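Before any comments, here is the structure.
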Amino acid sequence: MARKVALASTTAFIALLIFAIAWSGCKREGATGAAQTHLEEGGRALDAGDWSRARDAFTSAIETNDQLIEAFYGRAAATLAQAEEHYKLAQAAATMSDVERGETEAQRADVLFDETKQDCDAALGLDPDFSEAYFIKGVVAQYQGAWNEGIEAFTECLRVDPNRAEAYHRRGEIYDHIGDYINSTVDFKKAGELGFVKKDDAQDSPQLDEDDLSDLKYDADENANNEE
């Protein structure tokens, strides 16, 4: 069952779901014909917040070409958004003491969280240094209360992208939650040095400009350079 987690804003990862703007009209390397059409459709669906249509489009892209890391990443983002919706419904049901509804929604959320992780693993199978996949896996681990998995995922994300401020902050939250205050302090300090500013839930907005999205575009050469 999905666990209730008092961690970072539950909408903080929304930036991962809006990267479609950066894809618009952009032909991705390795995607041609029908696969490119499905990728673009998936991108538009993500931009519109139509998670089901996005998942269908990215699934079609994968069926056409199972070497497209963007398709696995896009489907993971859409599935994560769906999982979050069920997670919130489970929390709302628990607040109203509707145990049966809460358990049902939690189970649905966990199924979708697991599917999200599977797509991230598929993306990592194509590029072991794809930092965004590690980041999403870390977010999923936070939702599910899988603290060790979360630490591992964010650590791998930071191995590839050592300047990812939110990864430090989220890992710090996990350390804080499990009582490892020394490491949490170190991570929070590093996140602050890199410019991370935590927003309140009420202030979070899913609308970001293209500058905010630039680091979400998949670039195999850039990921390789980060490791060097």
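The values are calculated or read from the model by the stated rules, or taken from the named source; none is laboratory data. Quantities reported herein were computed from a predicted structural model and do not represent experimental measurements. Don't worry about glycine lacking a Cβ; one is built from the backbone with ideal geometry, like all the others, and counts go over all protein chains shown.
Before moving on, here are some points about what is shown:
- Failed condition for residue 68, given (1) of a type outside the set (Asp, Glu); (2) farther than 23 Å from residue 49 by Cβ; (3) at pLDDT below 95: (2)
- If you filter the range 156-170 down to residues that are assigned to a helix (DSSP H, G or I) and farther than 18 Å from residue 198 by Cα, you find that the one that is nearest to the chain's Cα centre (by Cα) is 157.
- Test: residue in the range 198-213 that is over 17 Å from the mean Cα position of the chain (by Cα) and modelled with pLDDT of 95 or more: no
Yes/no matrix, rows are residues, columns are (1) over 15 Å from the mean Cα position of the chain (by Cα); (2) modelled with pLDDT of 95 or more; (3) under 16 Å from residue 120 (Cα atoms); (4) buried (at least 24 other Cβ atoms within 10 Å of the Cβ):
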{"site": "145", "(1), (2), (3), (4)": "yes, no, no, no"}
{"site": "154", "(1), (2), (3), (4)": "no, yes, yes, yes"}
{"site": "172", "(1), (2), (3), (4)": "yes, yes, no, yes"}
{"site": "178", "(1), (2), (3), (4)": "yes, yes, no, no"}
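- The residue pairs whose first member lies in the range 72-97 and is at negative phi, whose second member is among the β-branched types (Val, Ile, Thr), and whose beta carbons are closer than 6 Å, counting only pairs six or more residues apart or on different chains, are 76/116; 76/136; 79/116; 80/116.
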